[in-house]
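Here's the structure, in structure tokens; my notes come after.
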Amino acid sequence: MNYFSSHPPVYEKDTTVFVWNCALHNASDGVFDCCAHVHIGGGWGGRRDCQMTETASSLNTKHELQPTSHANILQQCEQLQGKCSISRNIATCEQREAMLPEQIYSASGVNLGNSDINIPLARYFNDEVKYRIAIRGPSNAAVNHQGYIFAPCKDPSLWGEIIDGLRDYVSVHGVEQNSDADFSASRRRSLNMNVRTENSQDSREREDRAIDKVIKNIPTKKAWVSSCKRKLDYIFEKEMIQVLSNPISEATGKDLINRHVEVGGLIASRFVSINEKTDWHQIVIDHPWLKTERLVVKPDQLIKRRGKLGLIKVNTDLNSVKEWIGARLGKNQQIGKATGKLRKFIVEPFIPHTDDEEVYVCIYSHRHADTILFHHQGGVDIGDVDAKALKMDVHVGKTLQPFEIENGLLKHIKPETKKLLAKFIYNLHGFYVDLYFTYLEINPLVVKNEQIYILDLAVKLDSTADFICRQKWGEIEYPPPFGRDAFPEEAYIADLDAKSGASLKLTILNKSGRIWTMVAGGGSSVIYSDTICDMGGASELANYGEYSGAPTEQQTYEYAKTILCLMTQEKHPKGKVLIIGGGIANFTNVASTFKGIVTALQEFQPKLVDYNISIFVRRAGPNYQEGLRVMREVGKNLLIPLYVFGPETHMTSIVGMALGKKPIPKETEVEFATANFLLPGGQSKDSPQQSRKSSTSSSSLTSSIIKEAAHIANQRVKEDIGLEQASPSMLFAKKTKAIVWGMQTRAVQGMLDFDFVCRRTEPSVVAMIYPFTGDHKQKFYWGHKEILLPVFKSMEDAITKNRHADVLVNFASLRSAYESTIEAMKYPQIRTIAIIAEGIPENMTRKLILMAEEKRVTIIGPATVGGIKPGCFKIGNTGGMMDNILHSKLYRPGSVAYVSRSGGMSNELNNIISKSTNGVLEGVAIGGDRYPGTTFMDHLLRYQADPEVKMIVLLGEVGGVEEYEVCEALQNNILTKPLVAWCIGTCAAMFTSEVQFGHAGSCANSDRETAIAKNKALKEAGAHVPQSFDTLGDLIQEVYEYLVQNDDIVPAPEVPPPTVPMDYSWARELGLIRKPASFMTSICDERGQEVNYAGMPISDILKNDLGIGGVISLLWFQRCLPPYVCKFFEMCLMVTADHGPAVSGAHNTIVCARAGKDLVSSVVSGLLTIGDRFGGALDGAAKQFSEAYDTGLIPMEFVNTMRKKGQLIMGIGHRVKSINNPDMRVKIIKDFILEHFPSKPVFNYALEVEKITTSKKPNLILNVDGVIAVAFVDLLRYSGHYMDQKRLKQGLYRHPWDDISYVLPEQYNN
């Protein structure tokens, strides 16, 4: 879509133009035809103002303003309202801040010729007044003044390109009425401003040569106009390279090219990276060319247009390089709005060359292709590349051959160089694709003497492809945007994120700020930041971040601890606020995540008080009641203000409370409780006959019921004849059947419960696919009844055995989602595929999109929760738990359809729409990745074609330009149904450096991609756009009530859904039921984040170095025993670790191993030989000696008694050792016991017995089994779980019948 189709030139008749410090000459060319022309800047009054006054008449000026101060400019401008449209330019940052501190939000300096002109980026702040810019050429150049539209652009380094393009565009409009004969002269005058003025004597000659070259290349006005109209399209398109397309340093990019691009003539880049820790002496030793060659030095910190900014020094020596770097290293540098320190530089050999040896090459990716740009002239003054460069698209999955490159891109290259360059570009694009680049620009590329040199490089990688490219990439460092240093806390959270299936993000914006956020959900986090900025908190917003995807309690604890640690480093005079917010979760257990946050809050309690921190909480979703209860309880003990709210409070209301913009309610009304859905109609206080959300009178209710009945009858007819399935506007119907990839039992059960509450006659899920197990059955519930769903190992079996299934819900991981989706599209019966995984590499997603378009398959996702068709079908976890489904009336259709990027925010939309209207008819979250499988327009067109959809809601976000397609469709009457639209991410423009929001696609790289610009464009196109997200629900209700009043919507009577039983596990989680435990234990608990032994976490056991002895003491005695006891335990294990290969246990193990048995079987065979004569003697000895001692037998009586019974004394006797040849193991243990045991009665008793037995026979000694046995008797009588169960006096166990599924063959049930 061309930028100018929605943003016409500002310099039309009856337009007010403000120009700063402008020298006007020969104004009669008709460039301006204005109603007012005001001089601002350079001083108020004086010669320059007079000059402006003198030239005003030649500009057809109808109103002349003479501002005397900054303050009255706007006032005078407002007087022109109604007389003409107004365009304003505020020239300098100082003037901007003084006049419009809240409306204009960015400014930067751009050098044109010999004059510094500060060009502000300005936004539209109401419907009538528009902000544009007028710029001029050098004050010493006798040239025509040219005025230009200023196109929004976030990246200041691109402003030069945009200004060039806009200058040319308006120049054309200014001379378009002239004849072609006049065109060259007019162009020559205006092109004087395109050439950088230098202080050398030949500057004018160089300017003239450049002008002649341009005019020669654009011989006619028609060609020039055509090229100008493409300028902004290129600038916007090539900068839509969004994270997770991460920029890397120039040094890293050149290293990758050195290692992976092999083509004749390419000279490997030599470079050295310099930072604050660089040892110059060692660097010179490692790279001796630094001393012998001329050098180039420049910063390597993702700074664009370094040449224009004076940040490159060329053709210098090592000493000058050191001096140049030393003057800048660690020093602040202002670039656009961002101020940062220069910390990293790159030094390279200087390559002498001429201008005609420089060329330009760029490759960038978009949805359907890679675009290669090539221009035969490169370098710092290349100007508008898109107007000059030749372009070729390489469609996804295709390749270009060198001869095609020669013919298409190298038309202006010398014949002797063509093949070399074609081969290089061919290999470069292959490298670009194979290593998952998303952007690569070389300017200049020098081709000299059959050799190719890469001088300046800018690249971006798709970081999600790390699991594919790690071996080729190596360790890649992704530097932060210039102006924002990397914090160790950010790196720590990034590391947690990389190791987790959940999503954890943290960006520190202002470490000294007072407003901190801890928000659940990518979309929610953006909306909270928007609201904070809208309420004037942008300068105090300390961080952006989000946690989502069901993080564990430990992960949320670490995340919260990191935030609190940052908050408590600096005090703020007003105190600080922490906003713990979020929408209505789909599947994240709110109570579980809050437990981690609560633990962190309790740990930081003293600091929370010391730093005067207030906390505001709003959350909903699964088990949110318990989470909020726990948060309220802990708030009573923190001794700080802590306010807790649930779904009864609007999502962002707590922001106004935290910033003092809204009153804090004392109590909030809880709308419903989780347990209510156990009872029919429990979720509603009204009678079942009450109508759905309606503004109609009771007299119209009867007609509405009749119409609803007719509608229901019509639906049944359509279902019976299968029309719903055939309708192209409907993805899902009442009889939709799905196959689920992945062992996602919770999601499947949620889908079945949704089916049941929607009164479907049969489940929507017919099978599951899980390649890691064999084919089997999986148990689920259908209402109260248990059913079995087949689980297939192969997709082929699952699909061929379920021919009526046309939806695949793909829960495969990011590593396998691509292959499984490709396989699914081989089967024509699959019409819709939902890809849940986040972080699929972009190249893979683009291939999926291409294949899906060819096979006419609808893809929802990647990075989505899915979609929902109330009363019909839902994907996976969409809509959340049953209580939210009932509360949001998702069990029956409404009249409103919505499409969103964010999955989490889709559930919030369900809530908002259910409160504002008669409910949702269909909702889809297309996914947060850069390339969603389907776009907003794909679904909006379906809604437009669906007669049941009466109004549409669109929730867009910052980044991308898809919303402009919606604008175009509205303007062309393709979309005619009422559309309520809002784009989140309005805060993005407030940040001084680039911030990657929770979704990969939510990052604006030009002002056209900002949420502010999109919202304005949507409103101008005819959509209903609220003032903020806070008022979205009010606007939806307003539009809905209008449709009801016009009878476009006829509300239907509300019918309560059927009762859906709650799962036992979830009911127990919510604390709704209780059941006696089958087992009891008091020594071990493995349920939390880590195992606890007798209450001590395993991490503490390792930290305190308790060892094996300490573990045994905890498990057996439920406490830490003295060190000598722990040492004794370990000593016993060491001396009995092995008895040699001859004993029966070892013998059996050896024999089994030699027979080919596995380890466990071999060891078990040895254990089975343990008995009274081997191994079991230890137990027997403990029993015999302890009983003898306890009964009071003296040692001689004990020996005589055993002799009379004909029994051996266990623990006495050895085949080899004797009193004269003692067993050293026994001696060591004896000595340890005698030295350390404070009480050893049974041990002493055994020694007395040994004296008697050895007097009879020298080998009847107390052996190792005996000495260990009696020592342990002195410590304890039983061990471990055995002792625990005896201590707890547990009886006979029999497993309960209700915990057993009796699945018998069907023939025996008849």
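The values are calculated or read from the model by the stated rules, or taken from the named source; none is laboratory data. None of the values given here were measured: they were computed from a predicted structure. No Cβ is skipped: glycine too gets one built from the backbone with ideal geometry, and neighbour counts run over all protein chains shown. For accessibility, only protein heavy atoms count, side chains too; no ligands or nucleic acids. Shrake-Rupley method; radii C 1.70, N 1.55, O 1.52, S 1.80 Å.
With a sphere of radius 11 Å drawn around the Cβ of ASN315, what net charge do the other residues whose Cβ falls strictly inside it have (Lys, Arg +1; Asp, Glu -1)?
On the way: positive: ARG294, LYS313; negative: GLU293, ASP317.
The answer is 0.
Would you mind telling me the antiparallel percentage of the DSSP bridges in the range 721-812, rounded to 5?
That works out to approximately 40 percent antiparallel.
Can you tally the net charge around ASP300? Count Lys and Arg as +1, Asp and Glu as -1, for every other residue whose Cβ sits under 13 Å from the Cβ of ASP300.
Charge balance near ASP300 sits at +2.
Once neighbouring chains are kept in place and the probe is 1.4 Å, which whole percent of the accessible area of the range 240-361 is contributed by carbon and sulfur? Each step should come with its number before you reach the end.
On the way: 2800 of 5690 Å².
Carbon and sulfur together cover 49 percent of it.
Need one number: the % of Cα-Cα pairs in the range 821-860 sitting beyond the 14 Å mark.
39
Ordered by packing density, taken as the mean number of other Cβ atoms within 10 Å over each peptide's residues, highest first, how do 364-370, 1258-1264, 1223-1229 rank? Before the final figure, lay out the partial values.
Values: 364-370: 19.7, 1258-1264: 21.6, 1223-1229: 16.6.
Final packing ranking: 1258-1264, 364-370, 1223-1229.
May I ask you to give the percent of accessible area on the range 749-904 that is carbon plus sulfur, with a probe radius of 1.4 Å?
Solvent-exposed carbon and sulfur of the range 749-904 make up 51 percent of the total.
Kindly give Rg over Rh for the range 1194-1260, based on alpha-carbon atoms, with the Kirkwood expression for the hydrodynamic radius.
That ratio is 0.98, to two decimals.
Could you quote the convex hull projected area for the range 856-935, Cα atoms only and averaged over all directions, in nm²?
About 5.0 nm², averaged over all directions.
Can you pull out the trypsin sites (Lys or Arg not before Pro) in the range 751-817 that DSSP calls coil and that have at most 11 other Cβ atoms within 10 Å?
Those that pass, being in a loop and sparsely packed, are ARG803.
Peptides 886-892, 1182-1188: what's the order by average Cβ count within 10 Å, highest mean first?
Taking the mean over residues of other Cβ atoms within 10 Å, the ranking is 886-892, 1182-1188.
Arrange the peptides 615-622, 431-438 so that the one whose residues have, on average, the most other Cβ atoms within 10 Å appears first. Spell out each step's value before the answer.
Details: 615-622: 25.9, 431-438: 21.1.
The packing order, highest mean first, is 615-622, 431-438.
Once the range 814-890 is represented by equal point scatterers at the alpha-carbon sites, with solvent omitted, what log10 I(q)/I(0) does the Debye formula produce at q = 0.12, 0.13, 0.22, 0.28 Å⁻¹?
Log10 of I(q)/I(0), two decimals: -0.39, -0.45, -0.97, -1.31.
What lysines sit close enough to LYS499 to cross-link, taking a C-alpha to C-alpha distance under 18 Å and skipping anything fewer than 8 places away on the same chain?
Candidates past the 8-residue exclusion: LYS561.
Given a Förster distance of 30 Å, report the FRET efficiency between THR761 and ASP1048 from their Cβ-Cβ distance, rounded to the nearest 0.05. Could the numbers behind the result be given before it?
Working: r = 32 Å, r/R0 = 1.05.
Rounded to the nearest 0.05, the efficiency is 0.45.
Restricting to the range 750-859, what percent of DSSP beta bridges are antiparallel, rounded to 5?
45
Provide the FRET efficiency to the nearest 0.05 for the GLN971-SER1078 pair, computing r from the beta carbons and using R0 = 56 Å.
0.25
Quick one: net charge of CYS1126's neighbours, Cβ under 12 Å, K/R +1, D/E -1?
Charge balance near CYS1126 sits at 0.
Please list ARG1173, ARG1087, ARG1203 in order of solvent-accessible area, largest first, computed with a 1.4 Å probe with all protein chains present.
Per-residue accessible area, sorted high to low, gives ARG1173, ARG1087, ARG1203.
Rounded to the nearest 0.05, what FRET efficiency is calculated for ILE664 and LEU1133 with R0 set to 56 Å and r the Cβ-Cβ distance? The partial results should precede the final answer.
Numbers: r = 62 Å, r/R0 = 1.10.
The computed FRET efficiency comes out at 0.35.
What GluC sites (Glu not before Pro) in the range 270-329 are in a loop by DSSP, with at most 16 other Cβ atoms within 10 Å of the Cβ? Before the final figure, lay out the partial values.
Values: sites: GLU276, GLU293, GLU323; in loops: GLU276, GLU293.
Those satisfying the criteria are GLU276, GLU293.
Could you work out the relative contact order of the range 1075-1229? I mean the mean sequence separation of Cα pairs under 8 Å and 6+ apart, divided by the number of residues, in percent.
Relative contact order for the range 1075-1229 comes out at 12 percent.
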